[in-house]
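What follows is one structure encoded as structure tokens, with my remarks underneath.
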Amino acid sequence: MKRREFIQYLSFALLDFKSVFNHSIYSNKDSKNLQILLNPGHNKAVFKQGYGCYMKGVGYEYIINTKIAEKTQEFLHEQGLNATLTRDEIDYLPSIETYLKHNKEDLLEKISEFRKNNTGNHRMPLEEAVIQLSILKWAESQPIDLIINIHINDTVEEYRGKFSGFSVTTSPENGSFEKSKLLAHSIYDSLIMSFKPSNNKADLVLVKQNNIKKYIPGFMMNDYLMLGHALHRTQIPSVLIECGFIDEKYREDNLAISDERVQNEYAHMISEGIILYNNNSQLKPL
Ligand SMILES: [Zn+2]
């Protein structure tokens with residue numbers, strides 16, 4: 001698409017989320033049919049342990065994450081790509097549950113041992129860490145090319161209302177860091193067509209392009225367990241997307257992330273980013 005047409009498309013897209021439904025900016029070069037794993041963040045049990053966010057009038061993060069992941073799956077299927085969700089609103093896939101059941105003790109021991117010997121952020125409840133590590137290890141036994149973690153951001157109560165915008169995180173500890181970075185950049189480049197990047201100063205990274213260093217808001221590097229971590233450096237390219245903040249309002253009509261139109265637009269732009277990655281990685285084999 002020519003730049004001018006693209007800008008026209010953009011203003012049209014921003015005018016009405018619904019107008020872009022079922023239309024793709026990029027055509028998918030399907031010579032390599034990607035197998036994508038969509039991993040909506042947390043679940044009900046983990047939320048009960050105080051992990052994942054909730055806001056009165058908007059809802060539970062684990063439910064909204066699932067809805068955005070399901071909509072992303074629909075868009076990807078329409079473009080001829082294979083996408084699987086790790087869970088529905090309640091349960092993980094039976095094969096993930098089986099993997100977890102058989103390996104829970106070993107994994108718990110591995111994580112506890114690691115936490116004893118390493119300082120760092122261990123805020124993730126042990127139960128959640130075991131689930132996320134199981135998902136990674138299970139995924140490695142499957143024909144899965146990419147993992148997309150979908151979340152909603154939040155902040156402490158007193159800062160609610162101050163922060164807005166999406167962020168995309170990739171981990172330098174991932175065994176396929178170059179591919180993960182390309183995936184994160186592709187999704188970032190797509191999301192930024194419809195949404196603003198995070199205005200939280202913690203959500204940015206200093207990158208060097210053409211010998212110039214600059215900060216990119218909404219682009220992060222972090223060794224989260226599910227992205228690639230000293231505990232387990234998965235070879236599967238993996239990113240984490242925070243679809244804005246739970247208290248964020250969209251467009252003039254102040255839509256919340258609980259509104260289906262906002263969720264559709266996030267899902268649409270995430271799937272466009274994946275298609276862009278698919279096309280880019282064929283142009284530039286990594
Ligand atoms: Zn989350």
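The values are calculated or read from the model by the stated rules, or taken from the named source; none is laboratory data. Nothing here was measured: the structure is a model prediction, and the numbers come from that model. No Cβ is skipped: glycine too gets one built from the backbone with ideal geometry, and neighbour counts run over all protein chains shown.
No other residue among ILE246, ILE192, ILE236, ILE216 is of a type outside the set (D, E, K, R) and over 25 Å from GLY161 (Cα atoms) apart from ILE236. Scanning region 232-258 for residues that are under 30 Å from ASP106 (Cβ atoms), away from the ligand (no atom under 16 Å from the Cβ) and of a type outside the set (Val, Ile, Thr) yields HIS232, ARG233, GLN235, PRO237.
Checking the structure you have, find out if any residue of region 241-252 is at pLDDT 95 or above and more than 30 Å from TYR159 (Cα to Cα).
no
Is it the case that some residue within region 153-160 is within 16 Å of the ligand (Cβ to nearest atom), touching a residue at least 24 places away in the same chain (Cβ under 8 Å), crowded, with 17+ Cβ neighbours inside 10 Å and not in a helix (DSSP H, G or I)?
Yes: one or more hits.
I need the full set of residues from region 39-62 which are within 13 Å of the ligand (Cβ to nearest atom), farther than 22 Å from LYS249 by Cβ, out of contact with any Asp or Glu (no Cβ under 7 Å at 6 or more places or on another chain) and not polar (S, T, N, Q), in order please. Within region 39-62, PRO40, PHE47, GLY50 meet the criteria. Select from region 205-220 the residues that are surrounded by fewer than 19 Cβ atoms within 10 Å (Cβ to Cβ) and among the aliphatic types (A, V, I, L, M) and list them in ascending order. Selection gives VAL205, LEU206, VAL207, ILE212, ILE216.
Residue selection: GLU89 satisfies the criterion of being of a type outside the set (S, T, N, Q), loosely packed, with under 15 Cβ neighbours inside 10 Å, in contact (Cβ under 8 Å) with a residue 12 or more places away in the chain and within 16 Å of the ligand (Cβ to nearest atom). Look at region 59-72: where a residue is farther than 10 Å from ALA267 by Cα and touching a residue at least 60 places away in the same chain (Cβ under 8 Å) and a partner is away from the ligand (no atom under 13 Å from the Cβ) and assigned to a helix (DSSP H, G or I), sitting 6+ places away or on another chain with Cβ atoms under 8 Å, you get ILE64/GLN263.
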